[in-house]
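Below is one structure; the comments refer to it alone.
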Amino acid sequence: MKKTKIVCTIGPKTESEEMLAKMLDAGMNVMRLNFSHGDYAEHGQRIQNLRNVMSKTGKTAAILLDTKGPEIRTMKLEGGNDVSLKAGQTFTFTTDKSVIGNSEMVAVTYEGFTTDLSVGNTVLVDDGLIGMEVTAIEGNKVICKVLNNGDLGENKGVNLPGVSIALPALAEKDKQDLIFGCEQGVDFVAASFIRKRSDVIEIREHLKAHGGENIHIISKIENQEGLNNFDEILEASDGIMVARGDLGVEIPVEEVIFAQKMMIEKCIRARKVVITATQMLDSMIKNPRPTRAEAGDVANAILDGTDAVMLSGESAKGKYPLEAVSIMATICERTDRVMNSRLEFNNDNRKLRITEAVCRGAVETAEKLDAPLIVVATQGGKSARAVRKYFPDATILATDHQRKNGSSVGTEQRRCAAAG
């Protein structure tokens with residue numbers, strides 16, 4: 001039985017009740033809904049389909065709403081067609097949204113583009129495929145030198161590595177999406193592009209204002225500012241997602257693995273959930289088997305201490321979604337078998353709270369008795385997660401002993417199953 005959890009992004013290939021049932025059988029623990037795509041009707045139907053399957057089968061899975069987040073994107077181009085840029089040419093970004101772009105200029109969605117940037121800064125477009133250097137700022141225009149050939153399209157993401165930007169934590173779309181999540185009773189929110197503690201607090205207050213005070217916030221670390229403020233973000237969050245996609249654009253690619261290890265280690269010490277995401281089995285979008293490097297990537301994240309690993313395009317739009325879940329589950333189970341208890345790792349000298357002390361004592365006792373099962377009575381999953389962070393050999397069974405309302409117990413059981 002695997003202990004590491006699997007988060008699966010659900011899309012058109014996997015949204016049916018039949019496929020969701022197979023995904024649960026294969027090892028899915030959390031259904032991720034990516035709100036960068038799809039509408040409320042689509043996401044609502046996926047939630048209902050999963051709940052129908054859980055009702056029929058008795059299996060449990062948590063629901064995670066992943067926000068689009070505040071971002072900068074290119075705007076309209078002439079004819080809607082991509083334009084070719086050549087290394088060495090001059091290219092201009094403007095905050096005048098009425099501009100229809102071409103091979104020399106394009107508008108961007110962010111009003112503060114000219115304010116936040118300085119001469120010498122780097123601008124990356126389309127996940128870093130096109131790099132530019134800022135050479136001048138004039139009025140509402142940022143003038144750049146193109147560093148490499150590439151095709152620029154509409155609605156492409158723009159990254160400003162190392163630049164502190166003044167975007168709000170929640171775009172208007174995010175606010176409406178979170179209200180939808182509260183109404184649907186999702187278990188987790190994965191908050192995109194978190195940069196500082198106040199971002200998390202703003203999201204928590206918005207959730208609370210709409211009945212989502214029990215929804216757990218997983219902060220996605222996707223830029224240098226988020227890394228710089230990681231400790232304060234971790235303290236304010238219920239968990240962390242190591243979002244290696246945008247992070248790998250914002251910081252040098254060779255630094256991503258060290259950032260990943262740092263975040264996982266700090267989450268373990270804080271007894272908080274950590275999910276490792278992006279390109280874990282990326283080749284399985286097209287191929288029936290992963291590369292050896294991908295299999296090793298999954299295993300190494302587990303050995304570092306991640307609580308969960310995530311599938312994105314592999315399960316949302318790939319040719320082999322079920323196989324991807326099954327193979328990931330096999331890797332998780334095999335790696336889990338060689339994991340040792342983290343009692344020694346977590347043996348820091350800080351004073352433990354009562355709950356943590358009891359959980360640590362339970363794991364120590366179970367290890368000495370070689371007990372096969374640790375039963376945790378919990379009301380919100382915190383105790384189960386505290387036990388899980390010591391990675392005992394025993395299976396953890398979390399039970400909610402107090403029904404608060406008709407749906408509360410089911411929510412907590414799903415959350416415990418996913419995070420504990």
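Here are a few things to note about the model shown:
- Selection count, segment 285-322, where residues are out of contact with any Lys or Arg (no Cβ under 8 Å at 6 or more places or on another chain), part of a helix (DSSP H, G or I) and surrounded by 19 or more Cβ atoms within 10 Å (Cβ to Cβ): 8
- Per the listing Lys196, Lys141, Lys145, Lys173, the residue uniquely closer than 20 Å to Thr109 by Cα and without any contact (Cβ under 8 Å) to a residue 60 or more places away in the chain is Lys141.
- For segment 137-183, the set of residues classified as farther than 19 Å from Gly245 by Cβ and of a type in the set (S, T, N, Q) consists of Asn140, Asn148, Asn149, Ser164, Gln176, listed by residue number.
- Residue selected from segment 141-160 under the condition in a loop (DSSP other than H, G, I, E, B) and among the hydrophobic types (A, V, I, L, M, F, W, C), by the criterion farthest from the chain's Cα centre (by Cα): Leu147
- Flag for Thr94 being farther than 20 Å from Gly128 by Cβ and either crowded, with 22+ Cβ neighbours inside 10 Å or assigned by TED's automatic domain parsing to the domain that holds Gly181 (or both): no
- Condition broken by Val186, with the remaining ones in (1) part of a loop (DSSP other than H, G, I, E, B); (2) farther than 23 Å from Arg385 by Cα; (3) not polar (S, T, N, Q) satisfied: (2)
- Here Cys8 fulfils each of the conditions (1) touching an Asp or Glu at 6+ places or on another chain (Cβ under 6 Å); (2) part of a strand (DSSP E or B) apart from (1).
- If you go through segment 197-228 and keep only what is buried (at least 18 other Cβ atoms within 10 Å of the Cβ), aliphatic (A, V, I, L, M) and outside any strand (DSSP E or B), you end up with Val200, Ile203, Leu207, Ile215, Leu227.
- Verdict on Met28 being part of a loop (DSSP other than H, G, I, E, B), in contact (Cβ under 8 Å) with a residue 12 or more places away in the chain, under 16 Å from the mean Cα position of the chain (by Cα) and within 17 Å of Ala329 (Cα to Cα): yes
- Restricting Ser84, Ser164, Ser118 to those that are in contact with a strand residue (DSSP E or B) (Cβ under 8 Å, 6 or more places away or on another chain) and either in the same structural domain as Ala209 (by TED's automatic domain parsing) or not in a strand (DSSP E or B) (or both) reduces the list to Ser118.
- Selection of segment 367-397 for residues being of a type in the set (Ser, Thr, Tyr) and farther than 18 Å from Met339 by Cα yields Thr378, Ser383.
- Scan of segment 161-178 for residues that are surrounded by fewer than 21 Cβ atoms within 10 Å (Cβ to Cβ), at pLDDT 95 or above and touching a helix residue (DSSP H, G or I) at 6+ places or on another chain (Cβ under 8 Å), ordered by number: Lys175
- Within segment 33-50, being closer than 15 Å to Glu183 by Cβ and surrounded by 13 or more Cβ atoms within 10 Å (Cβ to Cβ) holds for Leu33, Phe35, Tyr40, His43, Gly44, Gln45, Arg46, Ile47.
- Restricting segment 123-140 to residues that are at pLDDT 95 or above and either outside any strand (DSSP E or B) or among the polar types (S, T, N, Q) (or both) leaves a set whose member that is farthest from Thr92 (Cα to Cα) is Gly139.
- Leu117 vs. criteria in contact with a Gly (Cβ under 8 Å, 6 or more places away or on another chain) and surrounded by 13 or more Cβ atoms within 10 Å (Cβ to Cβ): no
- Asp151 vs. criteria under 29 Å from Val309 (Cα atoms), touching a strand residue (DSSP E or B) at 6+ places or on another chain (Cβ under 7 Å) and surrounded by fewer than 16 Cβ atoms within 10 Å (Cβ to Cβ): no
- Test: residue in segment 409-418 that is over 26 Å from Asp304 (Cβ atoms), among the polar types (S, T, N, Q), at pLDDT below 50 and not in a helix (DSSP H, G or I): no
The values are calculated or read from the model by the stated rules, or taken from the named source; none is laboratory data. The structure displayed is predicted, hence computed values, not measured ones. Positions of Cβ are backbone-derived with ideal geometry, glycine not excepted, and every protein chain shown enters the neighbour counts.
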